[in-house]
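The values are calculated or read from the model by the stated rules, or taken from the named source; none is laboratory data. In this text the structure is predicted, and so the values were computed from the model without any measurement. Using ideal geometry, Cβ is built from the backbone for each residue, glycine included, and neighbour counts are taken over all protein chains shown.
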């Protein structure tokens, strides 16, 4: 996940008076140099010689939102398929090459994007670019690799979701907040349907790759210790000959009206030993003016030991053993947003009672948020952003985020102003507007058989 969502609290110890006296430190500006290849690949570079590290971060504009009924789970499947080899790289060699060079790598799938990155010593920039270009040009898509990764995804589903308490319901049930007919893009889970994956053919998978894993549907960000002229030439050499693909079809998600009443689902969980309550609300995408206030509100309500939900429900009332906010829990979305609050009941606490206590805390946010709480939340956001700028990979994620969700890579330098401008009145307003029962889905999860 991008470092902007890692809630550091180092600066939270600074009091409001001291911060005002010294002036709040702002994130260092990022100088972004951009160009586009004739095949449509967009490239953004941030030169920084403070450490001998370089990050190569490639985002494809494809996620679960690009899938269609009967063919879900393809974006997540490709997160796995992209490590199965290509014309010049054997299966599993991609990771071996990077690790032998002293680097790290990974990939992830979210509703709106799939990304792959390498962070490694700066003298191996050419290696990372060559590896990414080779699999973009010539991924090995065949029956053996498809069958192997279909089984890998099923095993991931069993281990990470089906065998864990609560989480399987979150993954499968949160998307039902969105109407499948008007917003299928966000009305199904990122991991997709196992039946859909089983039905996938090599031809289906090849067509998905040809459409979405082309240079015109990707953004490459290079950050760290490199010379821009050298990087430009390497990008041209490795990516320039990859043909452009067809323009993917547009994705639509109609704004969903409130249901008129709270939707509550009571769900038995065979893996749970304690009841849990998850209440989620439909909100807005990152480019919306209300997004910064909602993110700061989530910090105030449920991030950290001193957050409202933890302080009230866990430490004072002792009705929960854990409480936290979930803000866009599966990643940001350009067509929607999710604000959630999760609580796990203490021993002997009834799930309906916990639901009532949680609902009361959420209602209070529209009337009694304080300036002190807002200052603390801003300090937390500011500190995570500042520390992120000291890391090549985190900086690459911030540039990507700005380009995809805010409309321009240059927004990496203007986004902070949106958060600094948030007032207490904004927090109370967004709480009243979005955290309404008729705009919510609540899951009451109870241990099976109890």
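A few comments on the model shown:
- Residue that is in contact (Cβ under 8 Å) with a residue 24 or more places away in the chain and in a loop (DSSP other than H, G, I, E, B), where the choices are 325, 254, 280: 254
- Within segment 141-152, the set of residues being touching a residue at least 24 places away in the same chain (Cβ under 8 Å) and either surrounded by 16 or more Cβ atoms within 10 Å (Cβ to Cβ) or more than 25 Å from residue 243 (Cβ to Cβ) (or both) comprises 141, 145, 146, 148, 149, 150, 152.
- Yes/no for residue 70 being under 19 Å from residue 206 (Cα atoms), within 18 Å of the chain's Cα centre (by Cα) and outside the structural domain of residue 405 (by TED's automatic domain parsing): no
- Selection over segment 191-241 of residues that are in contact (Cβ under 8 Å) with a residue 60 or more places away in the chain, assigned to a loop (DSSP other than H, G, I, E, B) and either under 21 Å from residue 403 (Cβ atoms) or over 27 Å from the mean Cα position of the chain (by Cα) (or both) gives a count of 6.
- Residue 292 vs. criteria within 16 Å of the chain's Cα centre (by Cα), touching a residue at least 24 places away in the same chain (Cβ under 8 Å) and either assigned to a strand (DSSP E or B) or within 30 Å of residue 115 (Cβ to Cβ) (or both): yes
- Scanning segment 394-450 for residues that are touching a strand residue (DSSP E or B) at 6+ places or on another chain (Cβ under 8 Å) and at positive phi returns a single hit, 449.
- Residue within segment 374-390 that is assigned to a helix (DSSP H, G or I), over 23 Å from the mean Cα position of the chain (by Cα) and crowded, with 21+ Cβ neighbours inside 10 Å present: yes
- Cross-chain or 6+ apart pairs with Cβ under 8 Å, segment 156-172 first and over 22 Å from residue 322 (Cα atoms), then not in a loop (DSSP other than H, G, I, E, B): 157/194
- Residue match in segment 345-355 (condition: surrounded by fewer than 23 Cβ atoms within 10 Å (Cβ to Cβ), touching a helix residue (DSSP H, G or I) at 6+ places or on another chain (Cβ under 9 Å), modelled with pLDDT of 95 or more and within 25 Å of residue 432 (Cβ to Cβ)): no
- Residue among 433, 413 that alone is out of contact with any helix residue (DSSP H, G or I) (no Cβ under 7 Å at 6 or more places or on another chain) and either modelled with pLDDT under 95 or more than 18 Å from residue 294 (Cα to Cα) (or both): 413
- Condition met for residue 448 (over 30 Å from residue 42 (Cα atoms) and buried (at least 17 other Cβ atoms within 10 Å of the Cβ)): no
- Flag for residue 388 being more than 30 Å from residue 357 (Cβ to Cβ), touching a residue at least 40 places away in the same chain (Cβ under 8 Å) and in contact with a helix residue (DSSP H, G or I) (Cβ under 9 Å, 6 or more places away or on another chain): yes
- Residue pairs whose Cβ atoms lie under 6 Å apart, separated by 6 or more positions or on different chains, with the first residue in segment 414-435 and assigned by TED's automatic domain parsing to the domain that holds residue 377 and the second assigned to a loop (DSSP other than H, G, I, E, B) and buried (at least 20 other Cβ atoms within 10 Å of the Cβ), are 424/369; 427/369; 428/369; 434/283.
- In segment 111-127, residue surrounded by the most Cβ atoms within 10 Å (Cβ to Cβ) [restricted to those that are part of a helix (DSSP H, G or I) and touching a helix residue (DSSP H, G or I) at 6+ places or on another chain (Cβ under 7 Å)]: 125
One line per residue, one yes/no per condition, for (1) closer than 25 Å to residue 69 by Cα; (2) out of contact with any strand residue (DSSP E or B) (no Cβ under 9 Å at 6 or more places or on another chain); (3) surrounded by fewer than 21 Cβ atoms within 10 Å (Cβ to Cβ); (4) not assigned by TED's automatic domain parsing to the domain that holds residue 120:
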site: 220; (1), (2), (3), (4): no, no, no, no
site: 225; (1), (2), (3), (4): no, no, yes, no
site: 233; (1), (2), (3), (4): no, yes, yes, no
site: 250; (1), (2), (3), (4): yes, yes, yes, yes
site: 270; (1), (2), (3), (4): no, no, yes, yes
site: 280; (1), (2), (3), (4): yes, no, no, yes
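- Restricting segment 417-441 to residues that are surrounded by fewer than 19 Cβ atoms within 10 Å (Cβ to Cβ) and under 23 Å from the mean Cα position of the chain (by Cα), the residue that is nearest to residue 33 (Cα to Cα): 417
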